[in-house]
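Read the structure below first, then the notes.
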Amino acid sequence: MENTTISIILANACYSFRVSATFFISFFSTLVFIAITFLYLFFKSRFQGNENLKKCSLPPSPKPWPIVGSLPEMLRNKPTFRWIHELMNDMNLEIACIRLGRIHVIAVSCPEISREFLKKLDTPFASRPTNMSTEMTTKGFLTAALVPFGEQWKKMRRILSTKVVSPARHRLFHAIRIEEDGGPGLEEVEHVYALFTILQYIYSFCVTDYVPFLRWKLDLDGHEKVMKRL
């Protein structure tokens, strides 16, 4: 009986040891993976930054943190556009380069420099940036309003001009619009509320737009939660 009890105790001890060893190995492996990932991103950003600086001269900028750039300051100062404007005023700059994660954001407050972007160099800057909010709003960039310049945008623009907002379509629904009476219903109110909420978050400064590997994993500023709910 005693031998049986001792065998059971030893078996439980061995099992507990194996479980503990497996957990320790898994935990240690995860830590090593995270450390290697951050070291890789750090050195990659440093080397790419040096190569980019050799290729082109960027506007003045505040000194960024390694890997994350000025993201901590962006999270502490809301709204972000006002923080950028105040930062440029403090640094006495009309054009500035602010690194957010791996993205360089060029901010301009001078009308003359703005005209260079919007008139003289309008072709390179005609497209729209791709980010989390516009991707979710357009169901994967399938519409026309927020799609980057390209074949999809040309196709949807052609469909809108011939099938949706054409004079023939306008005349077709003219009688229906006249018959409608009364104020907006519940669905219309909810739709308008959703539209204004989307406008608030489209092209806003979302952390995962600048650190893409955090997308759908760590929603630091709550933008993904709002867009999913809509």
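For region 188-207, filtered to residues that are among the β-branched types (Val, Ile, Thr) and surrounded by 12 or more Cβ atoms within 10 Å (Cβ to Cβ), the residue that is nearest to THR130 (Cα to Cα) is ILE202. Just one of the listed residues (LYS225, LYS217, LYS163) is part of a loop (DSSP other than H, G, I, E, B) and either among the charged types (D, E, K, R) or assigned by TED's automatic domain parsing to the domain that holds THR80 (or both), namely LYS217. If we scan region 174-186, do we find a residue that is under 30 Å from ILE113 (Cβ atoms), free of Cβ contacts under 8 Å to residues at least 12 places away in the same chain and part of a loop (DSSP other than H, G, I, E, B)? There is no residue in region 174-186 that is under 30 Å from ILE113 (Cβ atoms), free of Cβ contacts under 8 Å to residues at least 12 places away in the same chain and part of a loop (DSSP other than H, G, I, E, B). Highlighted here are the helices (runs of 4 or more DSSP H) found entirely within region 62-143 that include at least 1 residues which are within 30 Å of ARG158 (Cα to Cα): 111-115, 132-137. Only one of the listed residues (PRO184, PRO167) is within 30 Å of ARG229 (Cα to Cα) and exposed (fewer than 11 other Cβ atoms within 10 Å of the Cβ). That residue is PRO184.
Contact map, region 84-97: residues that are without any contact (Cβ under 8 Å) to a residue 60 or more places away in the chain and crowded, with 18+ Cβ neighbours inside 10 Å paired with residues that are among the hydroxyl-bearing types (Ser, Thr, Tyr) and outside any strand (DSSP E or B), Cβ distance under 8 Å, separation 6+ or inter-chain. Pairs shown: MET88/SER109; LEU93/SER109; ALA96/SER61. Of all the numbered requirements in (1) over 23 Å from ASP221 (Cβ atoms); (2) at pLDDT 90 or above, ILE113 misses one, and that requirement is (2).
The set of residues in region 196-214 that are among the aromatic types (Phe, Trp, Tyr), part of a helix (DSSP H, G or I) and under 8 Å from the mean Cα position of the chain (by Cα) contains only TYR210. Among the residues making up region 134-149, those that are at positive phi and exposed (fewer than 15 other Cβ atoms within 10 Å of the Cβ) are LYS139, GLY140.
Of all residues in region 98-129, those being loosely packed, with under 14 Cβ neighbours inside 10 Å, out of contact with any strand residue (DSSP E or B) (no Cβ under 9 Å at 6 or more places or on another chain) and free of Cβ contacts under 8 Å to residues at least 60 places away in the same chain number 13. For region 208-218, a tally of residues being surrounded by fewer than 17 Cβ atoms within 10 Å (Cβ to Cβ) and farther than 12 Å from SER133 by Cα returns 6.
The values are calculated or read from the model by the stated rules, or taken from the named source; none is laboratory data. Note that the structure is a prediction, hence the values are computed from the model and not measured. Every residue, glycine among them, receives a Cβ derived from its backbone with ideal geometry; neighbour counts consider all protein chains shown.
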